[in-house]
Each structure stands twice: as C-alpha cells, then as structure tokens.
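One structure is given here, and the rest of the page talks about it.
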Amino acid sequence: MNNQCASLLDKLLEPEERAVGLFNADPAEVSAGDVLEELQTIPFLSERRVVVVRGADDFVSKNRELLENYFDNPCPTGVLILMVSSWPKSTKLARKLPRVGELISVAEPKSWELPGRLAQYAADAYGKKLTRDAAELLIELTGEAMGPLYSEIDKLALYVGQGKLITPTHVESLTGHNRLFNAFAVIDAMTAGDAAAAVGRLRNMFAEDKSAEFKTVGAFAFHFRRMFNAKVLLEKGLSFSPVAAKLRIRGNRNAFFALLKRMSLGRIGSILEKLAETDYAIKTGRTKAQVATEQLVLRVAGPRA
C-alpha cells in the first residue's frame, strides 16, 4: 500500500513541491477539521494541496458525516488520500466516491506472482534486470512481505553498481551469505543426529541476526531443495562437477556432497514436508518462529534428541 501511495504522490506532486504541497496527517494527532482545513488551504508554489491519512479506518468511521459533506463539495485544489484496510461498498461515502475520486485497490500479490513483481520493480526503479532465479532466492531468504523485498532490491541495485543484471550470486553475496552458511552448519549437525550442536548453532544464528528467526526456515528450504535436486541428478548418473555447476553449488562443495551421501532422497523429501508444515504454522500464527524452528531441528536430529 505504501508503494502505491508513493507512486500516486509522484504523479500529483513534483519532488520540490512536497515541502509545501504535502501534508501527512496522523489520525491519532489531527482532527477531521484539521484535515479539511489543509485541503482547503490555497496551494503555495504548487498546483494542488495533497493530504495523506495513513491507517485511516477509524478516522473514516468517526468522521463519516463530515467526509460525506466534503465529498458533496470538494476543494478543486485539494487531493485527499485515505489509506484504509477496507472500504465497504454499501456505505453512503463509498457510493459518493466515484463522482469525486477513485478507489485504488491494493492486494498482496500471490506467491507465484512475487518474482514477476520484484523483476518489474527492479526494472522500473533502477533499470536493472532481476533474473527469475535471483528473485526466487531473494524470496526464500527474505520472506514474502513486499516491504522487506523491495528494500532488498534497493540494496542490490546499489550493490551491482553500473551492472544491469542482478543474479543469484549477487543475492547470495549481499542478502544471504551468512544466513546460508550458518544454516548449512545447523543442517550438517542435525542430519548427523547431533541435536545439541544443531540447536546450539541455531541459537547462535538467532543471537547474531535478530531477523534470522523469521528467515531461517527459508534458508533451510533453500539448502534442502538444492540437496533434493542434487540427489536426483546423482542417482541419474551425473558426477559431482556437473551437478555442482548445474545447481550453482559454491563454497565447500566437499562438505555439501559429504552431507548428501548420508541422506536418502526419501529423507530429504520428508524434511521438505516438515519445513512446509513449519512455515505454514509460523505464517498462520499457530506457533512462534524460533520455537517452531528449534522443534523442527530436534525432530530431524532424530533419536538422539
């Protein structure tokens, strides 16, 4: 929603006009009278006066009659942007809106739409091409919330400098190197059945990176999916080198393939199922991220836990 608002402001006001033409109203601190007064103020050094009310659901509910009256006779030089989580079509205010304004619906993209949305943002904002693989890796490491994802694209655009392409290598180097490395260390311990070492390494991850508890499941999933694909290719008869090249396995390849030797395809698939269950439980609020991740590690570590 914030990104949509920013795009709308870009169309309404030039950057140099915002200091005098934009009023960000905090509904907890300003009254409806203050908002209407700002809208009716004659613009100075700009063509229009724009007032943004974020989190405006309660503001609308409390001042519905005043807003209805304003919609009947809006100020021609004032633009009111109300950012709400819902806009019931049955209300009088909603029925009046089409005569004086527009309802812009902002829905969170579906999971399958995220890579395309990120690629479009990278192209529009920075003229960079974000590869599909890079977008998918970024989502695995960062999660599906658009704000943090856009923030990572901002960093990546600066990181590649004059380069026009953002690749998985860039994402892994800037966004996920430490998290992926640490997650691999946890996986190595838990698949060896060393629960104490696995949990200890996991807690070190949480201590070093406050956001790790929300992203560790994604880092685990990244490793196990790559392990699954590598195991399939090895069982088809490919040797280590072409598998490593095909799946972009970097760093300590010997450790990766040594870990893979002690795991069957069925076990890797079972762990991926457990990861999916854990991810769902976290996202639906059924459990806390850190608790769920530790439980997952203990389950995978097996009898020694």
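What follows draws every value from the coordinates through simple rules; no lab data is involved. In this text, all values refer to a predicted model and were calculated from it rather than measured experimentally. We place every Cβ from the backbone using ideal geometry, glycine too, and count neighbours over all the protein chains shown.
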Size of electric dipole in the stretch 1-126: Cβ of Lys, Arg +1 and of Asp, Glu -1, about Cα centre, debye, nearest 20: 540
So for the chain, taking the charge dipole from beta-carbon charges (+1 Lys/Arg, -1 Asp/Glu), which of Ala94, Thr278, Phe184 sits furthest toward the positive end? Phe184
Can you give me the angle between helix 132-142 and the longest principal axis of the chain, using Cα atoms only, in degrees from 0 to 90, rounded to the nearest 10? 90
Could you please state, rounded to a whole Å, how far the C-alpha centre of the stretch 1-56 is from the C-alpha centre of the stretch 217-280? 51
Could you tell me whether the chain comes out rounded, prolate or oblate from its Cα gyration tensor? Rule is a ≥ b ≥ c as square roots of the eigenvalues, rounded for a/c under 1.5, then prolate if a/b exceeds b/c, otherwise oblate. prolate
As an exercise, use a Förster radius of 30 Å and the Cβ-Cβ distance of Ala276 and Gln120 to find the FRET efficiency, rounded to the nearest 0.05. 0.65
For a quick protection proxy, order the peptides 37-46, 134-143 by their average other-Cβ count within 10 Å, most packed first. 134-143, 37-46
Within 10 Å, count the other beta carbons around each residue, average over each peptide in 218-224, 200-206, and list them highest first. 218-224, 200-206
Relative exposure of Tyr70, Tyr280, Tyr159, judged by other C-beta atoms within 10 Å (fewest first): Tyr280, Tyr159, Tyr70
Which lysines have a Cα less than 29 Å from the Cα of Lys62, not counting those fewer than 8 places away in the same chain? Lys89, Lys92, Lys96
Report, to the nearest 10°, how far helix 289-301 tilts away from the longest principal axis of the Cα atoms in the chain, using its own Cα long axis and a range of 0 to 90°. 20
Relative packing of peptides 152-158, 96-102 - highest average C-beta neighbours within 10 Å first: 152-158, 96-102
Indicate the gyration tensor shape class of the stretch 110-166 (rounded, prolate or oblate), computed on the Cα atoms with a ≥ b ≥ c the square roots of the eigenvalues: a/c under 1.5 is rounded; otherwise a/b larger than b/c is prolate and the rest oblate. prolate
Nearest-0.05 FRET efficiency for Ser90 and Glu68, computed from C-beta distance (R0 22 Å): 0.95
Expected 222 nm ellipticity per residue - DSSP helices of 4 or more, -39500 (n - 2.57), all of the chain, to 500: -19000 deg cm²/dmol
Between Glu208 and Leu165, the FRET efficiency computed from the C-beta separation at R0 = 30 Å comes out, to the nearest 0.05, as 0.50
